Amino acid sequence: MDRTTVVSIDLSGTKLEGTIPPELEKLPNLRVLALGSNEIRGNIPSQVANMPNLEKFNVSDNFITGTVPSFASRLLNTVDLSKNRLAGPLPEDFGTNHDRIMLYDVMKNILTGTVPGSVRDMEALETLSLSDNHFSGLLPTGLGMLQNLKYLYLDDNYFVGTIPADLARVQGSLLEEVWLQDNRLSGTVPVAFADSSNLLDLYLDGNKLTGKVPRDLCRSEINSDFFLGYPRR
């Protein structure tokens, strides 16, 4: 077989066991590697993470351990590592040289540390899901600069501090869902959220927020349960 002709491998949901073979690096033109919903164990080999032409990498819903690797490919548009047993922080170069990534999902792992501000460099990002981990520190800065961002899931972590006003201030924001519940956030709800005309789902419960919710934010299009327990301004 001519290894250069293999551009896609999709073995999702096939009850695949074992580990991810480092020998995949011998497929120089591999663009899609989809191994989700299996019983794969072990870590993500550096040889695979360093493959230069990867566009989609999905190993979600397995038993993968180790840390989140740095991916070498600048062509990546999808990274799905959700529902595994990955631990430790995100790589230091998170977001750097990855301006094509549209989906980055690491929900339901055991990840720790802060989220690098370089996330703002992921200009094409539409979905960022960091839910149900052990992230801490302030909410990542620069999220308001991501003008393609539609879905932001940061719930069930240990984030502290206030909700950045710039998260909601983008003119013509495409944000549809913002999940910040079950953290340790404080301060008030940014008034600018009321100007996010596309916003449909906003979850803020389970934090230490104070003050009153802006009345303009309590419009019928937004889920009604986000402000239960908070007085309206």
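Of the conditions (1) part of a loop (DSSP other than H, G, I, E, B); (2) of a type outside the set (Gly, Ala, Ser); (3) under 15 Å from the mean Cα position of the chain (by Cα); (4) more than 18 Å from His134 (Cα to Cα), Pro69 fails just one. Which one is it?
(4)
Would you tally the residues in the stretch 102-117 being assigned to a helix (DSSP H, G or I) and surrounded by 19 or more Cβ atoms within 10 Å (Cβ to Cβ)?
Qualifying residue count, the stretch 102-117: 0.
Could you pull out the residue among Gly113, Gly95 that is at pLDDT 95 or above and either aromatic (Phe, Trp, Tyr) or over 24 Å from Ile222 (Cα atoms) (or both)?
Gly113
Among the residues of the stretch 1-25, count how many are surrounded by 12 or more Cβ atoms within 10 Å (Cβ to Cβ) and either modelled with pLDDT under 95 or over 24 Å from Thr65 (Cβ atoms) (or both).
Within the stretch 1-25, residues that are surrounded by 12 or more Cβ atoms within 10 Å (Cβ to Cβ) and either modelled with pLDDT under 95 or over 24 Å from Thr65 (Cβ atoms) (or both) number 3.
Name the one entry in Gly42, Gly113 that is touching a residue at least 12 places away in the same chain (Cβ under 8 Å) and under 30 Å from Thr5 (Cα atoms).
Testing whether each residue is touching a residue at least 12 places away in the same chain (Cβ under 8 Å) and under 30 Å from Thr5 (Cα atoms) leaves just Gly42.
Sort out which residues of the stretch 118-136 are part of a strand (DSSP E or B), within 13 Å of the chain's Cα centre (by Cα) and hydroxyl-bearing (Ser, Thr, Tyr), and write them in order of number. Walk me through it before giving the result.
Restricting attention to the stretch 118-136, the residues satisfying the condition of being part of a strand (DSSP E or B) are 127-129, 134-136.
Cutting the leftovers down to within 13 Å of the chain's Cα centre (by Cα) gives us 127-129, 135.
Across the stretch 118-136, the qualifying residues are Thr127, Ser129.
Give the residue, chosen from Asp132, Asp99, Asp105, Asp156, that is in contact with a helix residue (DSSP H, G or I) (Cβ under 7 Å, 6 or more places away or on another chain) and acidic (Asp, Glu). Write out each step before concluding.
Values: Asp132 fails: in contact with a helix residue (DSSP H, G or I) (Cβ under 7 Å, 6 or more places away or on another chain); Asp105 fails: in contact with a helix residue (DSSP H, G or I) (Cβ under 7 Å, 6 or more places away or on another chain); Asp156 fails: in contact with a helix residue (DSSP H, G or I) (Cβ under 7 Å, 6 or more places away or on another chain).
Result of the check over Asp132, Asp99, Asp105, Asp156: Asp99.
Every residue in the stretch 157-199 that is among the charged types (D, E, K, R) and not in a loop (DSSP other than H, G, I, E, B), please.
Keep residues of the stretch 157-199 that are among the charged types (D, E, K, R), which gives 166, 169, 176-177, 182, 184, 195.
Residues satisfying the conditions are Asp166, Glu177, Arg184, Asp195.
Can you work out which of the residues in the stretch 28-48 that are of a type in the set (A, V, I, L, M, F, W, C) and surrounded by fewer than 20 Cβ atoms within 10 Å (Cβ to Cβ) is farthest from Ser82 (Cα to Cα)?
So, considering only residues that are of a type in the set (A, V, I, L, M, F, W, C) and surrounded by fewer than 20 Cβ atoms within 10 Å (Cβ to Cβ), the one farthest from Ser82 (Cα to Cα) is Val32.
Which of the numbered conditions does Asn58 fail, given that it passes all the others? Conditions: (1) buried (at least 20 other Cβ atoms within 10 Å of the Cβ); (2) farther than 22 Å from Leu152 by Cβ.
Unmet condition: (2).
Residues checked against (1) modelled with pLDDT under 80; (2) touching a Cys at 6+ places or on another chain (Cβ under 7 Å); (3) at positive phi:
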residue: Ala165; (1), (2), (3): no, no, no
residue: Gln171; (1), (2), (3): yes, no, no
residue: Glu177; (1), (2), (3): no, no, no
residue: Gly211; (1), (2), (3): no, no, yes
residue: Asp216; (1), (2), (3): yes, no, no
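Return the residues of the stretch 76-95 that are outside any strand (DSSP E or B) and surrounded by 15 or more Cβ atoms within 10 Å (Cβ to Cβ); say none if nothing qualifies.
Leu76, Asn77, Leu81, Ser82, Lys83, Asn84, Leu86, Pro89, Leu90, Pro91, Phe94, Gly95 - these are the residues of the stretch 76-95 that are outside any strand (DSSP E or B) and surrounded by 15 or more Cβ atoms within 10 Å (Cβ to Cβ).
Residues of the stretch 137-156 being of a type outside the set (D, E, K, R) and part of a loop (DSSP other than H, G, I, E, B), which ones?
Looking only at the stretch 137-156, we keep the residues that are of a type outside the set (D, E, K, R), and these are 137-149, 151-154.
Leu139, Pro140, Thr141, Gly142, Leu146, Gln147, Asn148, Leu149, Leu154 - these are the residues of the stretch 137-156 that are of a type outside the set (D, E, K, R) and part of a loop (DSSP other than H, G, I, E, B).
Check the stretch 74-81 and report whether any residue there is touching a residue at least 12 places away in the same chain (Cβ under 8 Å), of a type outside the set (A, V, I, L, M) and farther than 27 Å from Gly137 by Cβ.
Within the stretch 74-81, the subset touching a residue at least 12 places away in the same chain (Cβ under 8 Å) is 74-81.
Checking which are of a type outside the set (A, V, I, L, M) leaves us with 74, 77-78, 80.
Right, trim to farther than 27 Å from Gly137 by Cβ and you get 74, 77.
Yes, there is a match, as at least one residue in the stretch 74-81 is touching a residue at least 12 places away in the same chain (Cβ under 8 Å), of a type outside the set (A, V, I, L, M) and farther than 27 Å from Gly137 by Cβ.
The values are calculated or read from the model by the stated rules, or taken from the named source; none is laboratory data. Since the model is a prediction, treat every value here as computed from it, not as a measurement. Please note: Cβ atoms are built from the backbone with ideal geometry, for glycine as well, and neighbour counts cover all protein chains shown.
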